[in-house]
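Below: one structure, written as structure tokens.
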Amino acid sequence: MPSSNPKKKMLFTPPPLISVIQNYRDLIDGVVCINRDTDIDRWESYCARAEGVIDAERLHRLRGVEGVQLPGYGERPWFTERTGARREYWGHGGGCLLSHRNAIRFAQERGWRNVLITEDDAVPEVGEEAARALARALRDLKGKWVLYLGYNTLSASRPFGRALWRQDGYSLWQISGAIALHAYIVPQSMYGAILERLPQEDSQAWSWMARHRAIDNWYRDEVSEWRGVRVYTILPHLYYQEHFYYVHGAARAVDEPVKNVKLSLYPVYPRTCRGLFLLEHVLFAPLRRIAVRVNSLRTYCLCRCFGFRGQKKKKRAKMR
């Protein structure tokens, strides 16, 4: 029977989880997972973790580049005795660089409005509240931007940032850049600018690496400083890297893995302190850009003359 009180309002029923997740899925045109042919088992594990979080028809496997097979690997002037056993480290870095370049090309060729680029060791933590926060962020962000869904919280220097809004325990932060590219979203407005500055040919990877060291360093130091570009992240993180997500390799079978959620939270300072930090960040931005340029030139010259660096030697303990 109809209600006797026509003015009585119906109670709001929140949508089910699958509807909320579908909401943010519709805002992401495609998901690219970088996976090397030698790590097919990691692709299978990734698909199992992504089930229920990423639509299968929007998930694409992108063949990762084998850096050790690139032209010039192990040869002078970039690889010398100074490089030593770290040549594989630099080789993987070159492959990672070109893999992320190919991911942007992949999205550009298909005309996607945006792309979620992930690596095969990414662990999603996207529940109902996280899905709502991500959907809101994707609707709010305009122009040129990069959205980190996770980054290396164990790095020595945490990114400077400020919270723009908070919702259901999650918050959108505007930050100055971050380390790690295991899960990030790039809009169509950024494709051309990024590809113009990355190596056009695979053989150019080593000279690019000599100047910028790694692709995630470049995103943090260079992309974040481009005019009109804003860098964002959602906290707590929505994606973790597997080796940070678990305590150690043997803990992968544990039902309740230990996550570094607390490390992803920014310290809470009084409002006055936050204002001073913001002023300091803005005033010293030109000096930071100059420092990045000088360091880039210095690194390139050293690598050109002596090759990529080897493992840093630990300082000997002082004799008593």
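Summary table below
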item: Stretchable slack from V229 to S207, in nm (0.36 nm times residue separation minus alpha-carbon distance); result: 5.4 nm
item: Built amide H within the under 5 Å cut-off of V115, gap 5+; result: V186
item: Ranked E81, E66, E51, E129, criterion: other C-beta atoms within 10 Å, fewest first; result: E81, E51, E129, E66
item: Length gained when the stretch N217-D39 is fully extended (0.36 nm per residue, less Cα-Cα span); result: 61.6 nm
item: Inter-site label distance for R82 and E109 at 7 Å from Cα along Cβ, in nm; result: 3.7
item: Residues with amide H under 5 Å from that of Q241, placed H, sequence gap 5 or more; result: V123
item: Per-residue ³J(HN,Hα) for the stretch 94-105, Karplus 6.51 cos²θ - 1.76 cosθ + 1.60, θ = phi - 60°, Hz, x for Gly and Pro; result: x, x, 5, 4, 6, 5, 5, 4, 5, 5, 5, 4
item: Integer Hz, Karplus 6.51/-1.76/1.60 couplings in order for the stretch 118-127, x for Gly and Pro; result: 10, 9, 6, 9, 7, 10, x, 10, 10, x
item: Per-pair calculated FRET efficiency, R0 = 45 Å: R304 and F284 via Cβ, rounded to 0.05; result: 0.90
item: Cβ-based exposure ranking for Y148, Y73, Y219, in which fewest neighbours within 10 Å come first; result: Y73, Y219, Y148
item: Inter-centroid distance (Cα atoms) of the stretch 179-244 relative to the stretch 34-51, Å; result: 22
item: Under 5 Å, built H, 5+ apart or other chain: amide partners of V65; result: S99
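Read-outs: derived from the displayed coordinates by stated rules, not from any lab. Keep in mind the model is a prediction, meaning the values are calculated, not measured. Here the Cβ is made from the backbone with ideal geometry for all residues, glycine too, and neighbour counts use every protein chain on show.
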